[in-house]
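Heads up: the structure comes next, in structure tokens.
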Amino acid sequence: MNDVEQYLAACEDFQLSGVLHPFWHDWLYADPSQFLTPEALHHWHRQFWDHDMPWCKHALGAGELDFQFSMLPPITGLCCFNQGVMKLKQVGGCTQRDAQQYIVVIITGFPNVDVVIAIRALMEFQYLVQAPAITSQMGSRILAALKTFHDHKHAIIGAGLCHGQTTGATLDHWDIPKLEFMQSVAPSIPQTGIVIQWSADTTKHTHIEVIKDPVTTTNNQNYDSQICCTLDCDKKCHLFNTTISLSKQTDIHDTQTGDDSETDAPNHGDWNLPDSAGDNVIGNILQDLWSSDCPPTCFFDSTEKLSSVSPGSMPIPLCMLVVGCTAL
């Protein structure tokens, strides 16, 4: 086919980009299905809130669902939804996770047993894949839970519980990307390790500390200049703390040297330090403050070693290779 426009139009019918041979097709372990890992915050908690919770709302009704949540007894360590969940605004991952822990109890009395089994199977699947250690036996349980959901999911469509998020119309299909993604979770565990290690909680918490909290001290004007001032102040504070640490360590070394010169004993063990000891201590402090915690890695050597190993013996989890502004 020489007509590019006709070719691209034909690709759109099959939801294809039109790329026939990706540039990375012969790269080792460069398949996105291998190195793109599941993530609990969006693939489990957000999926529950966007899909499972609306199913339960249409099954019980918004008023009944809120009433059931409000009647739950308080449990230490878990969120208490005294006013229900339907009127919550700006729901975060923690709230989604807390509501997820109650949902099976909430819908237990629903007349359609297949709907209850399907939702319970999804909850079991999502909790099993977040385990800190996953054995082959647990892997079989993960696959069994997902199969149970697929065996009973027809009841959700049959009861008219699945609605579009934008149109609100009743859906008769399962073209939901987050549910389709679950098929690749179990195969990814032997390749990249447990799922919980790829949590986005750390980066989101860093976003709060580095961006959201400092922005509350600004007047919401001239962001560029205020960001530069904040970074400059942070750097000055870091240098000041470094100087104080070096000064204190130098004073301790001078005091120890003076004590050694006033005594008549020729040897005082560890207190009789050579002149280079102070320099070594200061060097160690600087090494701890300014050096990287991890030694530099030669990614080219690592790639060469991986290319020579037999298929299936690749060390896991996979690592990210960073070159300039490109990460692989």
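All of the numbers you see were taken from the coordinates with simple rules; none came from a lab. Note that the coordinates shown come from a computational prediction; the quantities given were computed from them, not determined experimentally. Every residue, glycine as well, gets a Cβ built from its backbone with ideal geometry; the counts of neighbours run over all protein chains shown.
Remarks
- Here the Karplus curve 6.51 cos²θ - 1.76 cosθ + 1.60, taken at θ = phi - 60°, turns the phi angles of the stretch 23-39 into couplings of 5, 9, 5, 9, 7, 6, 6, 9, 5, x, 5, 9, 9, 8, 9, x, 9 Hz, with x standing for Gly and Pro.
- Legend: distances between Cα atoms for 147/204; 178/235; 212/305; 87/204; 89/147; pairs beyond 31 Å are 147/204; 178/235; 212/305; 89/147.
- Filtered trypsin sites (Lys or Arg not before Pro), the stretch 1-106: DSSP coil and at most 15 other beta carbons within 10 Å: 87, 89
- Peptide ranges 298-304, 114-120 listed from the most packed, as the mean C-beta count within 10 angstrom indicates: 114-120, 298-304
- Reducing the stretch 136-179 and the stretch 3-51 to their Cα centroids gives an inter-centroid distance of 21 Å.
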